[in-house]
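Here is the structure we will look at.
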Amino acid sequence: LSGSLLSRSCFIRTLENPDAVSRLRDSCVQIVKEHGIASRAFEGHLLTDMLDRRNFVIKVVEILGISSEDARLLYTSLVLNSDSHLQLADVLRACTAMEQQHY
């Protein structure tokens, strides 16, 4: 994301994974209800560690309190290719963007 512009690849991934986006939104709404702002849920966690799919799912389940299936859907919607690693910062960015859109 650049400002309010959505990259073509991000747009296409979103269209391909509407369930993941919907579940991320639901998780972000719950986080804001519990913590006031999304970033508080991520405090105390290393945001820049590169995580493979398995470790990403474990950490996201722990932080967001979502199911493993939902965490895998989230991974699929955020990852660039099947060999990619993600950071918790990627999830925080997505949550923050959604938070700004809805609050």
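The values are calculated or read from the model by the stated rules, or taken from the named source; none is laboratory data. Note that the coordinates shown come from a computational prediction; the quantities given were computed from them, not determined experimentally. Quick reminder, even Gly has a Cβ in these numbers, built from the backbone with ideal geometry, and neighbours come from all protein chains shown. Keep in mind that these areas ignore ligands, DNA and RNA; they rest on the heavy atoms of the full protein, side chains included. Shrake-Rupley method; radii C 1.70, N 1.55, O 1.52, S 1.80 Å.
Given the conditions (1) assigned to a helix (DSSP H, G or I); (2) at pLDDT 80 or above; (3) among the polar types (S, T, N, Q), which single one is not true for THR14? Among (1) assigned to a helix (DSSP H, G or I); (2) at pLDDT 80 or above; (3) among the polar types (S, T, N, Q), the lone unmet condition for THR14 is (2). The C-beta contact set for the range 35-59 (first residue within 19 Å of THR96 (Cβ to Cβ), second residue assigned to a helix (DSSP H, G or I) and small (Gly, Ala, Ser), distance under 9 angstrom, 6+ apart or interchain) comprises HIS35/ALA41; PHE42/ALA89; LEU47/ALA89; THR48/ALA89; PHE56/ALA71; LYS59/ALA71. If you take the residues in the range 65-103 that are part of a helix (DSSP H, G or I) and out of contact with any helix residue (DSSP H, G or I) (no Cβ under 8 Å at 6 or more places or on another chain), which one is farthest from SER22 (Cα to Cα)? The selected residue is ALA89.
Restricting LEU73, LEU47, LEU64, LEU78 to residues that are in contact with a strand residue (DSSP E or B) (Cβ under 8 Å, 6 or more places away or on another chain), hydrophobic (A, V, I, L, M, F, W, C), at pLDDT 80 or above and open to solvent by less than 80 Å² (accessible area, probe 1.4 Å) narrows the list to LEU78.
Each residue in the range 81-98 was checked for being at pLDDT below 85 and open to solvent by 50 Å² or more (accessible area, probe 1.4 Å), and 3 pass.
Please determine whether any residue of the range 42-57 is farther than 21 Å from ASP19 by Cβ, assigned to a helix (DSSP H, G or I) and touching a helix residue (DSSP H, G or I) at 6+ places or on another chain (Cβ under 9 Å). There is at least one residue in the range 42-57 that is farther than 21 Å from ASP19 by Cβ, assigned to a helix (DSSP H, G or I) and touching a helix residue (DSSP H, G or I) at 6+ places or on another chain (Cβ under 9 Å).
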